[in-house]
Structures are given as structure tokens and as C-alpha cells.
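Colleague: One structure, as C-alpha cells, below. Some questions next.
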Amino acid sequence: MTAGTEGAGGLFRTTFAAEPAGFWRAPGRVNLIGEHTDYNDGFVLPFAIDRATTIALAPRDDGRIRLVSTFGGALVESDLDAVDRRDFGGWSAYPLGVAWAIGERHPGAARRGFDVAVDSDVPVGAGLSSSAAIEMAVAVALDDVWGIGLDRAELARIGQRAENIAVGAPTGIMDQSASVFGERDAAVFLDCRSLAVEQVPLGFDAAGLVLLVVDTKVEHQHATGGYRDRREACERGAEAMGVPALRDLTVDDLPRARALLDDVTYRRVKHVVTEDARVLESVAALKAGDLVRFGELMDASHASMRDDFEISVPQLDAVVEAAQAAGALGARMTGGGFGGCAIALLPADEADALAADVVQVFADRGWHEPVPFTVLPSEGARAL
Ligand code: ADP
Ligand code: MG
């Protein structure tokens, strides 16, 4: 799926009338299981997808920075001094934020200006983290041309810092971790407290399975308020239960939580606690090659988000129901909720039929046409 270097290279040459020093690429991601667990110090299991952001970049001898993207818009010009004053705006906040965060975390780094052209086939704003893809592509490129030698965990932290401070989005580190630690046919198991990472073989290929993603095209209308509200409920729950984070509770604590908490807070807590348990069980099932059990855990995760965490919407439920009726091993909404994508794990030769089914269901209900596509677990950020 991932395109070659023509897009970024062509744009670089026409914009800067020069050859880039090289090409770097970083993928988007999909989260297999573990939703709203990240900010509760819990567990997530995303994988890097075969859709990526490719950049062509050349370092400069001065401090100027020029950025352009096939995504649209005019050439953006800045320089390292402006970046260090945190003068960011628009889409360039992502790459400029990375340049800033490297300087912040590594004050000794010999930074220079650069010219960069960006091209991507990660759909923007669909919940597949085009933002982490651009951050990690720029981070691996600047690490190379500035000769720093950052490790993967540090690259991920720099991307998160850029997104938190330069962009102003209070996101966790899952997306960047998936984008840098991804491997072919493997998922990235991340402990959001220790930041320990382990690649877990998926074996989808050998089992003849694919992951179908359906972008429902439902805008995350309540996403900001809904996200804040769920975070607050989780913090309230942890405080009332006397633990630093919901990660510190297990399913054995749920009866006490039910007695102590109001109904809504209890159900929010229950989702997070059971979701953490599902991620751990998923890792065990995948290691044992038990994809049927993994599928059941996907289904249970969706039910928990629909009924207890209440972040699904009818379109997401409809995709999951169609997938289950079509014999998928498992299906669930993925991402923060209130719209975005659903995923289904099913035999490769049934993906087209399910995609057609879903399009028909949406048409019958008068909903916006969804966009179904398959993704493959792919390798992480790298130089080309
Ligand atoms: P998501 O990460 O789910 O795709 P975000 O809102 O987090 O959505 O990030 C999308 C933003 O990232 C875009 O609005 C744009 O500012 C920036 N971005 C992503 N990809 C590109 C690209 N190829 N070129 C320029 N900006 C991009
Ligand atoms: Mg994003």
C-alpha cells in the first residue's frame, strides 16, 4: 500500500530546486485492543500499518527551516530561533515541534536548519495517527542528519512532547511507540506506566487473516468533551479507590468499586480495569497462536466501550454487528470513540464481502458512505 518516494521527492525538487539528502518513512497505526487505558497507566496493543508518511529532507548550513506538504498549503518558513521561542502554527507545528523537542531534551545536539517535503498515504484525522507518522518520520530524519543517535524510546518521547507542547494535544505515547517500534506481522505491546515495549507476533498472514478497517466518516463531534469527561471519571474512580491509577486495580477490586462508586463512575472504572485484563490476555492468546480467543476479546472490548464506557456511536456498532454476522473472529471500535474507525479480524477472502455489506448497511440507513480498507502490520520508522 505504502507508496514510493516519488511524491515527497517530486515535491522537494519542484519546491527547493535541489536534491534531498535522503528519504525517511514512518507509519500510522491502528490499536488492536486497549482503549482509554493509556492515561490510566495501563496497557495497549497497537500495530504499525502499511500506510505511512514519507519525507524528503536536506539539512542546511544556516538555521532556516522550510516545509512543504502534498497535504496542501503554501510553503512554510521558519528558523531554529523561532522554533525555540515556541513559535508554531498550523500543520508545521508537528515537524517544528519535533525540532524543538530534540533541542529541549538534548541541548548539546548540533542542530541546523533544513528543507523538508512531506507526503503521506495515512488518512488525516481518521484515527490512524497521521500525526505520529509525520512526527516520527521527521524525528528519525533529524536524528540522522544531525548525527545524534537517539534510541527508539527517545524518538517516541520526542514525538509525544512535540504533540503535547507544540500542537497542544494532551495525548499519550501509544501512537509514536507503534510508529517507531512496529515490525512486520507483529503488534507493539506497550506498558504505559513503565514504557516497556514488547513486539508480539500476530501470525495473521499464516492464518490467512486480515484486519479490515472501516472509517465511518463520523466526525468526532463530542470527542474533546467526551474524552475530558472520561478522563475525569477515571481520575475520580482511582482517587476514590485509593490507587495512583486504575492500572493498580484488578477485576477482583470491582465488587468494592461497585459498592463505593456511583453507577456511572463505576462503569467507567469497570471498562478500564477489564480492558487492561483483556490486553494482557490478548498478548497471552497471541503468543499461544490462539487467534479465536483474541477475536473474542476484541468483541468483549467493543461491548465494554459501548455499554460501560459509552463512547460508541450507531455507525461503529453497525460495523461490528455486520462483522460478527459475517463470521469475523472479532470486531471492535478503535480509537478514542464518538466516531472514527472500527476494525474486524477475518479471513482475507471475506474482507471484500464484509466491506460491501457495510457500505450497503450505511446506505440503507442514510448514513455517510464509509471507507473500508485492509491494513497489514508493518515495520516502523526508518531511513529508506
Ligand atoms: P490523526 O493523527 O488521527 O490523523 P490528528 O488531528 O492527530 O489526526 O493529526 C492530523 C494533523 O496532522 C493534520 O491536521 C495536520 O496538521 C498534520 N498532518 C498529518 N499528516 C500530514 C501531512 N502529510 N502533511 C501535513 N500535515 C500533516
Ligand atoms: Mg493524531
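The values are calculated or read from the model by the stated rules, or taken from the named source; none is laboratory data. What you are looking at is a predicted structure, and each value in this text was computed from that prediction instead of being measured. All Cβ positions, even for glycine, are placed from backbone atoms using ideal geometry, and neighbour counts span all protein chains on display.
Colleague: Against the definition (touching a residue at least 12 places away in the same chain (Cβ under 8 Å), assigned by TED's automatic domain parsing to the domain that holds residue 52, assigned to a helix (DSSP H, G or I) and over 25 Å from residue 41 (Cα atoms)), how does residue 132 come out, yes or no?
Modeller: For residue 132, the condition - touching a residue at least 12 places away in the same chain (Cβ under 8 Å), assigned by TED's automatic domain parsing to the domain that holds residue 52, assigned to a helix (DSSP H, G or I) and over 25 Å from residue 41 (Cα atoms) - is not met.
Colleague: Does residue 117 qualify as being outside any helix (DSSP H, G or I), closer than 19 Å to residue 62 by Cα and either within 14 Å of ligand 1 (Cβ to nearest atom) or in contact with a His (Cβ under 9 Å, 6 or more places away or on another chain) (or both)?
Modeller: Answer is yes for this residue.
Colleague: Please find, within the range 86-129, the residue that is surrounded by the most Cβ atoms within 10 Å (Cβ to Cβ) out of those that are more than 21 Å from residue 143 (Cα to Cα) and away from ligand 2 (no atom under 16 Å from the Cβ).
Modeller: 87
Colleague: Among the numbered conditions (1) more than 30 Å from residue 369 (Cβ to Cβ); (2) in contact with a Leu (Cβ under 9 Å, 6 or more places away or on another chain), tell me where residue 261 comes up short.
Modeller: Going through (1) more than 30 Å from residue 369 (Cβ to Cβ); (2) in contact with a Leu (Cβ under 9 Å, 6 or more places away or on another chain) one by one, residue 261 breaks only (2).
Colleague: Give the residue that is nearest to residue 36 (Cα to Cα), with candidates limited to residues of the range 246-258 that are surrounded by fewer than 19 Cβ atoms within 10 Å (Cβ to Cβ) and in contact with a Phe, Trp or Tyr (Cβ under 9 Å, 6 or more places away or on another chain).
Modeller: 254
Colleague: For the condition in the same structural domain as residue 154 (by TED's automatic domain parsing), among the aromatic types (Phe, Trp, Tyr) and closer than 19 Å to residue 12 by Cα, what is the one hit in 114, 88? Spell out the reasoning first.
Modeller: On the way: 88 fails: closer than 19 Å to residue 12 by Cα.
The unique qualifying residue is 114.
Okay, residues lined up against (1) closer than 19 Å to residue 191 by Cβ; (2) buried (at least 21 other Cβ atoms within 10 Å of the Cβ):
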{"position": "263", "(1), (2)": "no, no"}
{"position": "278", "(1), (2)": "yes, yes"}
{"position": "303", "(1), (2)": "no, no"}
{"position": "309", "(1), (2)": "no, yes"}
{"position": "320", "(1), (2)": "no, yes"}
{"position": "323", "(1), (2)": "no, yes"}
{"position": "326", "(1), (2)": "no, no"}
{"position": "332", "(1), (2)": "no, yes"}
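Colleague: Would you pick out the residues in the range 146-167 that are buried (at least 19 other Cβ atoms within 10 Å of the Cβ) and within 15 Å of residue 95 (Cβ to Cβ)?
Modeller: Residues satisfying the conditions are 146, 155, 158, 159, 160, 161, 162, 163, 166.
Colleague: In the range 138-151, which residue that is in a helix (DSSP H, G or I) and either within 16 Å of ligand 2 (Cβ to nearest atom) or touching a strand residue (DSSP E or B) at 6+ places or on another chain (Cβ under 8 Å) (or both) is farthest from residue 198 (Cα to Cα)?
Modeller: 145
Colleague: For the range 356-383, give me each residue that is in a helix (DSSP H, G or I), buried (at least 19 other Cβ atoms within 10 Å of the Cβ) and not aromatic (Phe, Trp, Tyr).
Modeller: Scanning the range 356-383 gives a single hit, 358.
Colleague: Filter the range 154-179 down to residues that are farther than 24 Å from residue 84 by Cβ and aliphatic (A, V, I, L, M) and give me whichever is modelled with the lowest pLDDT. Spell out the reasoning first.
Modeller: First, pick out the residues of the range 154-179 that are farther than 24 Å from residue 84 by Cβ: 172, 174-175, 177-179.
Now narrow it down to the ones that are aliphatic (A, V, I, L, M): 174, 178.
Working: 174: 95, 178: 98.
Selected residue: 174.
Colleague: With 135, 198 as the choices, which residue is on the phi < 0 side of the Ramachandran plot, within 13 Å of ligand 2 (Cβ to nearest atom) and at pLDDT 95 or above?
Modeller: Details: 198 fails: within 13 Å of ligand 2 (Cβ to nearest atom).
Just a single option satisfies the conditions, and that option is 135.
Colleague: Any residue in the range 73-93 that's farther than 12 Å from residue 113 by Cβ and touching a residue at least 60 places away in the same chain (Cβ under 8 Å): show its pairings with residues that are surrounded by 19 or more Cβ atoms within 10 Å (Cβ to Cβ) and among the aliphatic types (A, V, I, L, M) at Cβ separation under 8 Å, as long as the two are six or more apart or on different chains.
Modeller: Note: pairs meeting the criteria are 75/67; 75/68; 86/166; 88/96; 88/166; 93/162; 93/166.
Colleague: Of all residues being surrounded by fewer than 15 Cβ atoms within 10 Å (Cβ to Cβ) and among the small types (Gly, Ala, Ser) in the range 208-239, which is farthest from residue 170 (Cα to Cα)? Just the residue, please.
Modeller: My answer is 208.
Colleague: Please go through the range 62-80 and pick out each residue that is crowded, with 16+ Cβ neighbours inside 10 Å and hydrophobic (A, V, I, L, M, F, W, C).
Modeller: 65, 67, 68, 76, 80
Colleague: Still on this model: Show the residue pairs that are 6+ apart or on different chains and have beta-carbon atoms under 6 Å apart, the first residue being within the range 341-352 and in contact (Cβ under 8 Å) with a residue 40 or more places away in the chain, the second being assigned to a helix (DSSP H, G or I) and among the small types (Gly, Ala, Ser).
Modeller: 344/323; 345/295
Colleague: Sticking with this structure for a sec: Confirm whether residue 249 is touching a Gly at 6+ places or on another chain (Cβ under 9 Å), at negative phi and modelled with pLDDT of 95 or more.
Modeller: Criteria met by residue 249.
Colleague: List pairs: first residue in the range 311-325 and at negative phi, second residue among the polar types (S, T, N, Q) anywhere in the structure, Cβ distance under 8 angstrom, at least six positions apart or on different chains.
Modeller: Going by the 8 Å Cβ cut-off, the qualifying pairs are 313/216; 315/216; 316/216; 319/216.
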